[in-house]
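Down below is the structure, laid out as structure tokens.
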Amino acid sequence: MVSVCQVKFVKCFSAVNFIICFFSILSFINVLNIPELIYSRSGSERIYGLIGNPNYFAYMIFINIILINIYKEYFSKYKFIIYQLILTFAVIFSLSRGVLIGLFFFYLLINVRALTIKKISLFICVVCVLFSVVNFSVDSDMIINTINYRIDNLINGDGSGRFDIWAIGFESISSHLDKIITGVGPNMFGTYAHSLGLNNTTHNSFLRLFFELGIFGFGLFFVMMGYFFKKIECISLNMKIAIAVGVSFSWLSNDFILNKETWVLLAMLVSYDTLKREEYN
């Protein structure tokens with residue numbers, strides 16, 4: 001019963017996100033007009049589904065893509081391809097920098113041993129089709145402005161406020177040596193930042209870990225994660241590395257570590273491992 005429920009959960013989760021992503025993409029390329037699915041700011045537009053934040057939306061879809069690849073055998077061939085394609089396009093159109101980098105490395109690592117001329121050619125064709133659709137269906141100036149803004153803000157700007165937050169955070173915590181060891185307390189960064197006049201999050205999961213748990217908790221977290229992945233024996237080493245690297249890169253740009261999607265991913269990894277052990281026995 002448990003195994004049936006977990007597979008149904010992944011299928012339902014994927015189906016719902018597929019529908020949301022599909023209509024979000026249609027809205028983004030101006031086929032439909034559903035403003036609730038599009039994030040607009042300073043003349044730029046990004047997909048954010050029904051989440052209300054393009055970064056958190058992209059992360060949720062990224063986690064869904066990982067689950068689809070883990071539970072691949074429970075999807076038909078065509079449904080697996082279509083789901084993955086639409087969800088990937090949704091992440092791309094979200095223009096969430098950290099998640100895009102994480103998704104790139106995830107795909108690269110799970111396919112690194114199977115790269116062929118055929119697959120590379122198919123990837124190039126998909127990119128060309130995507131470019132054509134965007135070029136003819138979307139306001140090209142809007143897309144270019146959005147991309148230029150996201151890149152320039154990362155290289156020459158403040159990373160949408162991230163760099164200032166990190167600098168103030170490091171300066172504050174380094175002036176209190178006791179905080180370096182123990183941190184400011186679990187889930188207390190928001191309260192601590194507010195006392196410093198900041199009304200924002202760390203926008204970096206690793207820094208949040210360091211700020212809240214200190215050096216001791218920061219190191220303990222990675223020991224626990226290493227032990228966790230070691231105990232997941234029914235998932236290939238290649239897939240585990242791809243998940244760890246991909247998710248780690250996505251964590252660089254936002255506070256995703258305490259998100260429910262992160263814990264759903266960990267829970268479903270355990271569930272898949274349990275399912276496979278039951279099948280083998």
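Things to note:
- Given their separation in residues at 0.36 nm each and the Cα-Cα distance between them, residue 206 and residue 258 gain 17.6 nm when the chain is fully extended.
- Of the cross-linked pairs 8/276; 231/276; 11/77; 79/231; 79/260; 79/230, those separated by over 24 Å at the C-alpha level are 79/231; 79/260; 79/230.
- Around residue 267: net Lys/Arg minus Asp/Glu count, Cβ-Cβ under 13 Å: -1
- For the pair residue 72 and residue 215, the difference between a 0.36 nm per residue extended length and the Cα-Cα distance amounts to 47.7 nm.
Every number here is computed from the coordinates shown, using simple stated rules; none is lab data. Since the structure is predicted, the reported quantities are computational estimates derived from the model, not experimental observations. Neighbour counts run over all protein chains shown; Cβ positions are idealised from the backbone, glycine included.
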